[in-house]
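The structure appears right after this line, and notes come after that.
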Amino acid sequence: MIIKPKEQRVEVLIDVQNLYHSAKNLYGGRVNFKEILRQAIAGRKLIRAFAYVVRTKTGEEKAFFEALTKLGFETRVRDLQEFYGGQKKADWDVGIVIDAIRTSPNIDVIILCSGDGDFIPLVEYLRNQGKRVEVMAFGKTTSTKLKEAADEFLDIGEDPRRYLLPIK
């Protein structure tokens, strides 16, 4: 276990779709975002926590968004795009990158909760700026190169009982 200095200012960026789909497909469960946040902070100073979410036409996720807000997350909401032919797209990658770069001057540690290899250039950039970058995600669905690029990788799949809630 790595000792984490209590004075470190941390920011948590959660790619909700990435974790949601991994939890559902790998374990048939739901992510325990309260525990993810607690573990990410690890007793340090939380400056900001962002949860990047997608709104569908039905709006059924409204209660979930409210629950994230109650946990202390600033929710960033994007509408699900539906294209002719039935294709759907909901991508927060650029938004996550912009927020990370924009807020990084006031942060010591950025915890990225996503296994998406598209974030490798962001991790490299932040580390070159002297920031510590920790990645938390399900190891089985996380890019190997993303794990290697980070200062630390926490595989939340190693303790599913801690990080998952049963599907109702």
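Below are the figures for this structure:
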item	result
Tally, over the range 66-99, of residues that are in a loop (DSSP other than H, G, I, E, B) and either closer than 18 Å to Y125 by Cα or touching a helix residue (DSSP H, G or I) at 6+ places or on another chain (Cβ under 8 Å) (or both)	5
Enumeration of residues in the range 118-133 that are buried (at least 20 other Cβ atoms within 10 Å of the Cβ) and under 20 Å from V16 (Cα atoms)	F119, L122, V123, V133
Of all residues making up the range 72-99, the number that are touching a Lys or Arg at 6+ places or on another chain (Cβ under 7 Å), surrounded by 15 or more Cβ atoms within 10 Å (Cβ to Cβ) and among the hydrophobic types (A, V, I, L, M, F, W, C)	2
Options A63, A40: the member that is out of contact with any helix residue (DSSP H, G or I) (no Cβ under 7 Å at 6 or more places or on another chain) and either under 14 Å from L13 (Cβ atoms) or not in a helix (DSSP H, G or I) (or both)	A40
Count of the range 136-168 residues which are polar (S, T, N, Q) and in contact with a helix residue (DSSP H, G or I) (Cβ under 6 Å, 6 or more places away or on another chain)	2
Any hit, the range 6-19, residues being modelled with pLDDT under 95 and of a type in the set (K, R)	no
Some residue of the range 100-117 being over 18 Å from the mean Cα position of the chain (by Cα), at pLDDT 95 or above, surrounded by fewer than 16 Cβ atoms within 10 Å (Cβ to Cβ) and not in a strand (DSSP E or B)	yes
Qualifying residues in the range 134-153 (those that are aliphatic (A, V, I, L, M) and surrounded by fewer than 23 Cβ atoms within 10 Å (Cβ to Cβ)) - the one nearest to the chain's Cα centre (by Cα)	L146
Scope the range 120-144; condition touching a residue at least 60 places away in the same chain (Cβ under 8 Å) and not charged (D, E, K, R); matching residues	M136, A137, F138, T141
Among (1) part of a helix (DSSP H, G or I); (2) surrounded by fewer than 14 Cβ atoms within 10 Å (Cβ to Cβ) - the single one S22 does not satisfy	(2)
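The values are calculated or read from the model by the stated rules, or taken from the named source; none is laboratory data. Because the structure is predicted, anything quoted here is derived from the model rather than measured. Every residue, glycine as well, gets a Cβ built from its backbone with ideal geometry; the counts of neighbours run over all protein chains shown.
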